[in-house]
2 protein chains.
Amino acid sequence: MIFTEPRLCDISVATGMLQNADGHYRKSYRDLTGLYADSEAFDAILAQKADAIAYEVTSYTPGAKTSDIIMGVTRMEPGKVGREYFLTRGHIHANGDRPEVYHTLSGRGVMQMESPEGEVRLVEMGPQQVCYVPPYWIHRSVNIGDDDLVMFFAYPADSGQDYGIIERSGGMRVRIMDDGRGGWVAEDNPAWRNRTPDEVASILNRAEAMA
Amino acid sequence: MIFTEPRLCDISVATGMLQNADGHYRKSYRDLTGLYADSEAFDAILAQKADAIAYEVTSYTPGAKTSDIIMGVTRMEPGKVGREYFLTRGHIHANGDRPEVYHTLSGRGVMQMESPEGEVRLVEMGPQQVCYVPPYWIHRSVNIGDDDLVMFFAYPADSGQDYGIIERSGGMRVRIMDDGRGGWVAEDNPAWRNRTPDEVASILNRAEAMA
């Protein structure tokens, strides 16, 4: 029998990348159009650096089975759109019944989570803090610091990502905003609408169908 | 529906522990009796500190399913038994078809791996290096440095551990020894005997039965 070979990857905390990885994607500011509350402030950013990297992910995917683990590093630039801190698009796992582990290596962030039924959980993280994101929680990370936010992550290889779930509800329920005193505050997103019981059921059923 | 709550754990690299964990075990030197080549040197250590902690593991277990992830931190003392560097007992996952991810946070180690058929892989690791241990590889860590070896790990929640596999083959195939020049060298373990094709088949079949 041929056994899969071990893999050694180096994390460069300074560049926020996993080296000897096999996957790499970048999101530019242009790619994040429509995510932020303050469209005027966002347009000003686009005018300056539409194609600059807002965040990027390097990862290693050894297999595709439930029992395998994809690992990687995500790096996000610091900044704000108006009062709103930079964020990742966010997703729920397409196979919703899959968790994810995030280990902050540098910077300061908020792991913003929202259950299919609209419950909100906000976990602030700094270096050497690990957040377990349980199955079924929509999650995004927000950079509330002055430097790059760099996190190591691991999740089951068949998790998949559904990015549309956030768009379909008009964004996430809250936005992470500058509180004017050097910190952050969660403010309600007036465009948000909760998922219907049918939509919640379809998220749970989809996970069962993929199990 | 009640969704599992997120969990924030802190890693204390200085103490080598995961805080806000729900599992903790310690191995004393006495617990490691029989693992090292130099029994005289080992007895001298026992005479000094039989019940001191050789290594310890703190972990968080959110569930028990294939798709869930157990995470934790392992900390091992530095030192040698004669020329042989301190090591963990080592195991194969009882459900052999399960990988594990090890991220070195401080210290220097070797991830010692051995396939059921007796192939050996030795991966040296320092801070911010991550080793993906693929399914079916017996694995143990060895502290080749002068300080604690501290690693963060993650693996599927239904992996399980079979520690007996190493004892049944007379130890692992090689031993990680001081090379006398400040480094390490792998030396054959004369007591080691390879697993028979039947034993290999039973490891693979057991994994299938548990899948």
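The values are calculated or read from the model by the stated rules, or taken from the named source; none is laboratory data. These numbers were taken from a predicted model, which means no experiment stands behind them. Glycine also receives a Cβ, built like all others from the backbone with ideal geometry; neighbour counts cover every protein chain displayed. For accessibility, only protein heavy atoms count, side chains too; no ligands or nucleic acids. Shrake-Rupley method; radii C 1.70, N 1.55, O 1.52, S 1.80 Å.
Roughly speaking, to the nearest percent, how much of chain A's 1.4 Å accessible area is carbon and sulfur? Present the calculation step by step, with values, prior to reporting the outcome.
On the way: 4120 of 8580 Å².
About 48 percent, which is the carbon plus sulfur part of the accessible surface.
So which residue, out of A:VAL185, A:VAL142, A:VAL110, gets the largest mean-square fluctuation from a GNM of chain A using Cα contacts under 10 Å as springs?
Maximum fluctuation in the GNM of chain A, among the listed residues, is at A:VAL185.
Please compute the Kirkwood hydrodynamic radius over segment A:11-210, one decimal place, Å, based on all pairs of different Cα atoms. Don't skip to the end; give the middle numbers.
Numbers: mean 1/r = 0.0581 Å⁻¹.
Final number for the Kirkwood radius of segment A:11-210 is 17.2 Å.
Hey, rough spin-label estimate for A:GLN48 and B:ASN20, points 7 angstrom out along Cα→Cβ, what's it come to in nanometres?
The two pseudo-label positions are separated by 3.3 nm.
Using the Karplus curve 6.51 cos²θ - 1.76 cosθ + 1.60 with θ = phi - 60°, what ³J(HN,Hα) values do you get for each residue of segment A:114-122, in whole Hz, with x for Gly and Pro?
Per residue, the Karplus-derived 3J(HN,Hα) values read 8, 6, x, 8, x, 6, 10, 10, 10 Hz.
If you consider only alpha-carbon coordinates, what radius of gyration and Dmax does segment B:44-109 have, in Å?
Just the Cα atoms of segment B:44-109 yield Rg and Dmax of 15.1, 45 Å.
What figure, in Å² to the nearest 10, do you get for the accessible area of B:ASP148 with a 1.4 Å probe and non-protein molecules left out?
Approximately 40 Å² of B:ASP148 is accessible to the 1.4 Å probe.
Which FRET efficiency, nearest 0.05, do A:THR196 and B:SER39 yield, Cβ-Cβ r, R0 51 Å?
0.15
Using only Cα atoms, locate the centre of segment A:126-167 and the centre of segment A:1-62, then give the distance between them in Å, rounded to an integer.
Cα centroid of segment A:126-167 versus Cα centroid of segment A:1-62: 13 Å apart.
Go through segment B:1-102 and name the chymotrypsin sites (Phe, Trp or Tyr not before Pro) that are in a DSSP coil and have 16 or fewer other Cβ atoms within 10 Å of their Cβ. Walk me through the numbers on the way to the answer.
Values: sites: B:PHE3, B:TYR25, B:TYR29, B:TYR36, B:PHE42, B:TYR55, B:TYR60, B:TYR85, B:PHE86, B:TYR102; in loops: B:PHE3, B:TYR29, B:TYR36, B:PHE86.
Here the sparse-neighbourhood loop sites are B:PHE3.
Solvent-accessible area per residue for segment A:101-166 at a 1.4 Å probe radius, Å²? Walk me through the numbers before you get to the answer.
Values: 1500 Å² over 66 residues.
Solvent-accessible surface per residue comes out at 23 Å².
With all distinct Cα pairs included, what does the Kirkwood hydrodynamic radius of segment A:14-61 come out to in Å, to one decimal, could you say?
Radius from the Kirkwood sum: 12.1 Å.
So what does A:THR33 come to for accessible area, using a 1.4 Å probe and Å² rounded to 10?
Looks like 90 Å² after rounding.
Mind listing the long-range amide H neighbours of A:ALA54? Cut-off is under 5 Å, sequence gap 5 or more, other chains count too, H placed in the peptide plane at 1.01 Å from N.
Correct list: A:LYS27, A:SER28, A:TYR29.
Mind grabbing the interface size between A and B? I mean buried accessible area, both sides, 1.4 Å probe, in Å² to the nearest hundred.
Result for this pair: about 4100 Å² buried.
For q = 0.12, 0.21 Å⁻¹, what log10 I(q)/I(0) does segment A:56-153 give under the Debye formula with an equal point scatterer on each alpha carbon and no solvent?
-0.38, -1.12
Can you classify segment B:119-211 as rounded, prolate or oblate using the Cα gyration tensor, where a ≥ b ≥ c are the square roots of its eigenvalues, rounded means a/c under 1.5, and otherwise it's prolate if a/b beats b/c and oblate if not?
On the way: a/c = 2.75, a/b = 1.34, b/c = 2.05.
Oblate shape, in that a/c is at least 1.5 and b/c is the bigger or equal ratio.
From the P(r) of the protein assembly as shown, can you give the percent of Cα pairs sitting at distances over 29 Å? Before the final figure, lay out the partial values.
Working: 42517 of 88831 pairs.
The calculated P(r) of the protein assembly as shown puts 48 percent of pairs beyond 29 Å.
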